[in-house]
Every structure is written in structure tokens, then in C-alpha cells.
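These notes are about the structure you will find just below.
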Amino acid sequence: MWKYFEPYKASIVLLISLAIGGVLGVYIPETALKLQPIGKIFLNLLFMIIVPLVSVSVMSSIAGMSDLKKLGKILTVIFFVSIIMALIPAAGVVGLATLFDPAQGVTITLADKFNSGSGEMDFVNMVTTNDFVGLLSKSNILALIIMSVIAGIAIGQSGEQGKNIAESLNGLNIVIMKIVSIIMTGAPIGLGCYFAATMASQDSQLLVTFARAIMMFFAATLIYFVFGSSIYSWLGGGMPAVRAFWKNAVEPSATALGTCSSLGALPVNIRAAKAMGINEEIVDISLPLLVNLNKGGVAMIAALKIVFIFSVLGMDFTAEIFFLTMLISVLSAIIVGGVPGGAFLGEIFIVTTLGLPLEAIPMLVVLGTLTDAPATLINVIHDLPAAQIVERFTKKLNPHESLTVEQNLACSE
């Protein structure tokens, strides 16, 4: 029995610490407020490593894809499919949260002032800086990601010299992730203390808003799992593709929920994709890329986090914020979600990009932790219809071996 809960061990410990912090904040507010410095130390440690983490992780990931550059058509379709399959669920969650406001009139007050949503968004300064030093600030995380992608492409196109740099980046990435793992050992204490201080100064009804937001996400996930999967499979090959998908969807779905790891479910997903009749060459090329790029569940929870935090802070969710939410959701799904340790990076990405207060981070962590399993389910299961779509639009790597879905299924059986 305990083996079943092993993948959730870190999440369970974190949730327990956050729950303890919430109880302290509600019932012993004077003591809880004194714990805030401990939480700030933990968050500052994360902020200190965020720039090298993002830059090195993104550059090494992009540079490592250079050996697939000859398969430009497949890569183009995969990127396009990943973007669309991030935008659709993100927009759906925003629409659902707009209709059923999870805050329901509950707002929180913060000691620190912030400017997000108070004026026009400066997109030029959001995606670029006027000098290199600006990239070294966590306040310019979006610009840092864009430059890291460009640098990764340049490294991948630089031949043998580029390979040497890519290998060095991979080694540096391992060291940085070890630093992150050391820092993250303090996550239960640090976030628990910060959440305690946050709850000490807020209405206890805030806890009810978490429950509403989480239940809404679970409902949205179920609907998207059933209807989204069917529609995507139909686009990939009509009703035969839909039947092939649902015939083989149970095992990867159960694996995703049991492991809470997209990468851990990859072997099962590859086996299911081949059993569905998808061309093996397409499967072997597309699924390892889709597992890193196609994360609709990450996009969904990123959108919910933004709508939720704007609602509880009593801020207007304007058209500009909506488009920025779509951008953040796509980047979270394609880039941030693919970075090791990206769970906490996602919260920091949202807070720094939107100029939100630090108090928002523990609240976003609560949402992210409790919705990790259903988000992983969407990440994993939609790689299968995505591979069907990739196969349809790229045909086959060898057009002389073109088979229908029914013929591929017959061969696999």
C-alpha cells in the first residue's frame, strides 16, 4: 500500500506542512507572523538560483535537439500542435473561472504594495532588456527565456564547437539541479512558515476558495480528458483513430496518475502509441519531444493560478491580462514545464512576470500541488492524439510505406 503513495511522498509532506502553517495562521496569528522571515529566506534562496537555472536548462535542452534539425517538418508540426494544445485548455479554464469565480467575493489584503494590473503592460520591456545585465534579474525572466532559446539554437548550429559547449551546459545543468534539490529540502518548512504568516493576516474563508478552485480544476480536467482526447484523435485520423485511442488509453492514464511523472509514463505511452497503429518511426521521434513540449495540464493549471490570484487580490482581469495569461500558459507548458524542478519555477515565473507580491507564491504552490495528478494525466494522455495528428500532417517518414490506421492496427495485432 505504501508503495502506491511513494510518488506522492514529497507532495504529501509539503501539503502537511502547508496545512500546519494554515492552522497556525488561523488560530495562532501572533506566532505565525513571526515565522515570515524563515519563509522569506527560503524564497530568496530560490530567487538566487532562478537565473542560472532557467538559462542553463533552456539552452542545454534546445542545444541537445540539434541532431533532429533535418526533421524540420516533423518538429514544426510538433511545436504547432503543442502550442495549440496549450492554448485551448488554458483559454477554457479562464472562461470557466470567469463564469464560476473561485474567490466568490473573498479578497485578501497585503502589506506590500504592488503595481500589477494598475496600468498598461509594457510588452517591449517584458520580452527584452536594454543591456545584458538586465537578463541577470529575476524580474526579466521572460526576456531571459527568449534569449536562452536563441542561444540554444545558436549552440546547436555551431558544429563541433557547439557540441563541446552543449556538453558543458549539460554538466553545469546537473550541478545546478543538485543545488536546487538541496534548497528544496527546506521547502516544507520555508513555504509552511510563509503560508502561516499569510493566513495570519487573512480571512479564514480563503481556505474555502482553494477548495472551490481545486474542484473546478478537477471538473475541467475530466471534461477535457474525455472530449478533448476524442476531438484530437478524430483530427488525427477520424473515428478509427478515436477507437484506437480509447482502446489503449487506460494503461498510460493509470500510469500518469500513479507516478505523477510525464517522463515516468513515457515507456507506457510509447507502447500504447504503437498499439494504436501509429507509425513506429513517428512514435520514436515525436513522443520523446512531446513529453517535454506538449503539456496541456501545465497550461491549464498556470491559467487557473493567474485567474485565482487576480480574483483573491481583487484585481481586474483585463483583456491585456488575458493575452498575457495565454502567453505565460504556453511558455509554462513548452519551456518552464520541461525544466527539471519546473514546478516551483512556474510559480516564480507567474509572480515575477505579472509583478505579484511574494505572498502569492505559497497560495500558487497549494493549487499546483493539489492539482499535480490530474495535470499530469492531461500532459501524458494527450501526447497520444498529438502523435496521431503529427502522423497525419507529416504522413510517414517513408511515404512508400503509407498505411491506413486500420492497416497499422491490423499489423500491430
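Each reported figure results from applying straightforward, stated rules to the coordinates on display, with no laboratory input. What you see is a predicted model, and the numbers here were worked out from it, not measured in a lab. All Cβ positions, even for glycine, are placed from backbone atoms using ideal geometry, and neighbour counts span all protein chains on display.
To the nearest 0.05, what FRET efficiency results for Val23 and Met215 with a Förster distance of 25 Å applied to their C-beta separation? Numbers along the way, then the final one.
Working: r = 21 Å, r/R0 = 0.85.
Efficiency, from the Cβ-Cβ distance: 0.70.
The stretch between Thr31 and Ile84, if pulled fully straight at 0.36 nm per residue, gains 14.3 nm over its current Cα-Cα span.
Full extension of the chain segment joining Ile150 with Ala275 gains 41.3 nm, where the gain is 0.36 nm per residue of separation less the Cα-Cα distance. Taking the Kirkwood radius as Rh and the Cα radius of gyration as Rg, region 179-314 has a ratio of Rg/Rh equal to 1.08.
So how much slack lies between Arg243 and Ile223, counting 0.36 nm per residue of separation and subtracting their Cα-Cα distance, in nm? Walk me through the intermediate numbers first.
Values: separation 20, 0.36 × 20 = 7.20 nm, distance 1.80 nm.
Full extension of this stretch gives 5.4 nm more.
With both labels modelled 7 Å from their Cα along Cα-to-Cβ, the Ser139 to Asn44 distance reads 1.8 nm. Count Lys and Arg as plus one, Asp and Glu as minus one, and take only other residues whose Cβ is under 13 Å from that of Ser229; the net charge is then +1.
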